[in-house]
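Here is the structure we will look at, set down as structure tokens.
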Amino acid sequence: MVSHFFILALFFFSAAELCRASTIGICYGRNADDLPTPDKVADLVKNQNIKYLRIYDANIQVLRAFANSGVELMIGIPNSDLLPFSQFQSNADTWLKNQILPYYPATKITYITVGAEVTEMPGNISALVVPAMKNVQAALKKAGLHRKIKISTTHSLGVLSRSFPPSAGAFNSSHAFFLKPLLEFLAENQSPFMIDIYPYYAYRDSTTNVSLDYALFESSSEVIDPNTGLIYTNMLDAQVDALYFALSALSFRTIKIMITETGWPSKGAAKETAATPDNAQTYNTNLIRHVINNTGTPAKPGQEMDVYIFSLFNENRKPGMESERNWGLYYPDQTSIYTLDLTGKGPVDTDAGVNATSTNGTWCIASSTASELDLQSALDWACSSGNVDCSAIQPSQPCFQPDSTISHASFAFNSYYQQNGASDIACGFGGAGVKTTKNPSYDNCLYLTSGNMKVGANNVTAIKPSSSSSSLAECVTSLLLSGVSLGLSFLLF
């Protein structure tokens, strides 16, 4: 009987982790001489409800600024510090004691990156990474923090020797001496494989082989992996799956992938024609929607994916082409470079007017022949797992009246339909949705159209949508109900 209850306890404690929703974070690089102080940055981050932030060192001013903010920090040990950290355990112990413990847990540190993209660096510093990681892990263990703070290191996509087709993904054999002990460490400590992925560079460097739409999540065509038959509609998924296949080829199937940098520049040199504010907004908006919907990838459908967008600010001291200094969401004066809705819901642009027509001239509304039960069920799904912003149909809001299920469902159905490409399948809802060519907008209730799907926020808004919380709650509830059934079975026997 005791063993039965022990198994059930493990099940219940694992439920939340199994259902964990994907998250969006932001990288806070500071390679600039005109940035606001860390205190002001902390205020900006909190005001925009950003919950996850990556920094590239363990700067005391930054750690102090984010105390009691609720923001989860990923901090870093720079490549220049790998040698002392790898040589002596005492160096890691002293660093943790003096640099981290005085600010933890008021400053919520959840990840430490030990080195960054070391395979791209000159010399043989990659050999220092795993010894340094082990020393930092030992220091955390002494402090009782090894289960609360995870350790990893970041990589560029250059760690692969082959990434297409995704199923043929393979690590560069020249890094084998470094990767084998690294992957063993990650698997043993349940730490993620961290990767910096930039479809922008793939497009910029090979415009004849890579379409801009494919890089921007806008492609209407498909790329089929000839070995698996898996269908890809964007480059990021293909690159992530190439990593999963590379890990699987080495028998590391339990390691999860975390994207620690991705994004799109808003400005570039004359030859960098794709580096524009419109493309940056398009990429990041589509990326966010893809992530928070818990879509996963073709090889890992439904797999949560934690992603950090690069970067919070433009950084004027970064070397290289013009685009290198223009990846930010904000100028140093804290004004936004382009509008970005981190909820991924894309609210209506209210300047479009009631008589706006969609690009394809269609809307999706609730069918008058659908049952009340079917409509309510589909409405509940659209406003939670469907990631639709249903605030407009709440009491005192412009689309609340008429207060009927069919009216509220019509608004939600159409929002989902327009946000998902206005395709036939996006207006299905189990037969409860129907398409119409008549604009259903009325009075001040404006229905979303593909023609006015501009992001309505003037700055970055809430980073974790309520739908993710709803989906998480539904998933945990489902697992727990299964656990109850499992428990009853155990008790019966």
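The values are calculated or read from the model by the stated rules, or taken from the named source; none is laboratory data. What you are looking at is a predicted structure, and each value in this text was computed from that prediction instead of being measured. All Cβ positions, even for glycine, are placed from backbone atoms using ideal geometry, and neighbour counts span all protein chains on display. Each accessible area value is taken on the protein alone, full model and side chains, heavy atoms only, with ligands, DNA and RNA left out. Shrake-Rupley method; radii C 1.70, N 1.55, O 1.52, S 1.80 Å.
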Legend entry - Inter-label distance for residue 333 and residue 142, nm, one decimal - labels placed 7 Å from Cα along Cα-to-Cβ: 4.9
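Taking N as the number of residues in region 182-252, what value does Rg over Cα atoms divided by 2.2 N^0.38 Å take? Don't jump to the answer; show the numbers that get you there.
Details: Rg = 14.5 Å, N = 71, 2.2 N^0.38 = 11.1 Å.
Ratio of Rg to 2.2 N^0.38 Å for region 182-252: 1.30.
Output needed for region 50-120: three equivalent-ellipsoid semi-axes, defined as square roots of 5 times the C-alpha gyration tensor eigenvalues, in descending order, whole Å.
On the way: eigenvalues 95, 47, 13 Å².
For region 50-120, the semi-axes come out at 22, 15, 8 Å.
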Legend entry - Total charge dipole magnitude, region 185-253, about the Cα centre, Cβ charges on Lys, Arg, Asp, Glu only, Debye to nearest 20: 140
Legend entry - Length-normalised contact order for region 221-283 - Cα pairs under 8 Å, 6+ apart - percent: 17
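Figure the gain on full extension for residue 317 and residue 391 (residue separation times 0.36 nm, minus the Cα-Cα span) and round it to one decimal in nm. Numbers along the way, then the final one.
Values: separation 74, 0.36 × 74 = 26.64 nm, distance 4.23 nm.
Difference between extended and current length: 22.4 nm.
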Inset, instruction - Report the GluC sites (Glu not before Pro) located in region 157-220 that are in a DSSP loop and have at most 11 other Cβ atoms inside 10 Å of their Cβ, or state none. - result: none
Legend entry - Exposure rank, largest accessible area first [220, 410, 173; 1.4 Å]: 220, 173, 410
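Students sometimes get this wrong: rank 400, 313, 177 by accessible area, probe 1.4 Å, all chains present, largest first. Before the final figure, lay out the partial values.
On the way: 400 35, 313 0, 177 110 Å².
I get 177, 400, 313, largest accessible area first.
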Legend entry - Projected label distance in nm at residue 80 and residue 164, using a 7 Å step from Cα toward the beta-carbon: 3.8
Legend entry - Rg/Rh ratio calculated on Cα atoms of region 255-308 (Kirkwood radius): 1.09
Inset, instruction - Express the Stokes-Einstein translational diffusion coefficient of region 211-313 in µm² s⁻¹, to the nearest whole number, given a Kirkwood radius over alpha-carbon pairs, 37 °C and a viscosity of 0.692 mPa s. - result: 222
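Report the chymotrypsin sites (Phe, Trp or Tyr not before Pro) located in region 38-95 that are in a DSSP loop and have at most 13 other Cβ atoms inside 10 Å of their Cβ, or state none. Walk me through the numbers on the way to the answer.
Working: sites: 52, 56, 66, 85, 88, 95; in loops: 56, 66, 88.
Those that pass, being in a loop and sparsely packed, are 88.
Work out, in µm²/s and without decimals, the Stokes-Einstein translational diffusion coefficient of region 94-201 at 4 °C, 1.567 mPa s, Rh from Kirkwood over C-alpha pairs. Before the final figure, lay out each step's value.
Numbers: Rh = 15.2 Å.
Calculated translational D: 85 µm²/s.
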Inset, instruction - Note down the magnitude of the dipole of region 49-193 about its Cα centre, charges +1 on Lys and Arg C-beta and -1 on Asp and Glu C-beta and zero elsewhere, to the nearest 20 debye. - result: 460
Legend entry - Within region 103-189, trypsin sites (Lys or Arg not before Pro) in DSSP loop having at most 11 other beta-carbon neighbours inside 10 Å: 147
Legend entry - Charge dipole magnitude, Cβ of K and R +1, D and E -1 - region 232-348, Cα centre, debye nearest 20: 160
Inset, instruction - Evaluate the distance, in nm, between pseudo-label points positioned 7 Å from the Cα of residue 31 and of residue 437 along their respective Cα→Cβ axes. - result: 5.4
